[in-house]
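A quick write-up on the structure given underneath.
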Amino acid sequence: MTVRPIVTGDDPVLRRKAATVTMFDDGLRDLVRDLFDTMYEAQGRGLAAPQVGVSQRVFVMDASWKEGNPQPLAVVNPEILSTEPPMIVDTEACLSLPGVAYRVGRPMITELKWISPNGVRQSTKLWAVESRIACHEYDHLDGVLISDHGTEA
């Protein structure tokens, strides 16, 4: 188990557009394992590589692990293919912005395409909280924080 420090505040890595992953190797799989370990340890539901100081287009999420039904998802080089209304405004927190929350609008449905850490292309539609988490983590890959398009709750 490797828990990495979470980058917080105005660290420049949180504001950079992350690089596309080109090597699907043990290093990438180690990063994904570390992201999951760090996310679970921090009691989060999602974590992007820039949040641990790695500027690569990788995030992990698990919307239901806190309810006892883990469904871990590792996403590499994601693309949002489409979103569907309604936009749901709700409170979001971020492991990189400790102690504050923002009201942010996110689509009810997000169609996402990505590559697994083993190089397998995948796609699915994510609903409700899964859509919210994926959009939040996707924003991190583009250097966007919840404070950029929400109001403090």
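The values are calculated or read from the model by the stated rules, or taken from the named source; none is laboratory data. This is a predicted model, so every value here is computed, not measured. Quick reminder, even Gly has a Cβ in these numbers, built from the backbone with ideal geometry, and neighbours come from all protein chains shown. SASA here: full protein model, heavy atoms, side chains in, ligands and nucleic acids out. Shrake-Rupley method; radii C 1.70, N 1.55, O 1.52, S 1.80 Å.
Tabulated data
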{"item": "Meets criteria (surrounded by 12 or more Cβ atoms within 10 Å (Cβ to Cβ), in contact with a Gly (Cβ under 7 Å, 6 or more places away or on another chain) and more than 20 Å from Ser131 (Cα to Cα)) for Val21", "result": "no"}
{"item": "Lone unmet requirement of (1) touching a residue at least 40 places away in the same chain (Cβ under 8 Å); (2) more than 16 Å from Tyr138 (Cβ to Cβ); (3) in contact with a strand residue (DSSP E or B) (Cβ under 8 Å, 6 or more places away or on another chain) for Pro78", "result": "(2)"}
{"item": "Subset tally (residues that are touching a Lys or Arg at 6+ places or on another chain (Cβ under 8 Å) and more than 21 Å from Val13 (Cα to Cα)) for segment 44-78", "result": "4"}
{"item": "Meets criteria (of a type in the set (Phe, Trp, Tyr), under 14 Å from the mean Cα position of the chain (by Cα) and assigned to a strand (DSSP E or B)) for Phe59", "result": "yes"}
{"item": "Residues being farther than 15 Å from Leu81 by Cα and either surrounded by fewer than 19 Cβ atoms within 10 Å (Cβ to Cβ) or of a type in the set (Gly, Ala, Ser) (or both) - total across segment 121-144", "result": "5"}
{"item": "Close pairs (8 angstrom Cβ cut-off, 6 or more residues apart or separate chains): over 11 Å from Val3 (Cα atoms) in segment 29-48, open to solvent by 60 Å² or more (accessible area, probe 1.4 Å) anywhere", "result": "Arg29/Asn118; Asp30/Thr2; Gln43/Lys66; Arg45/Lys66; Arg45/Val129"}
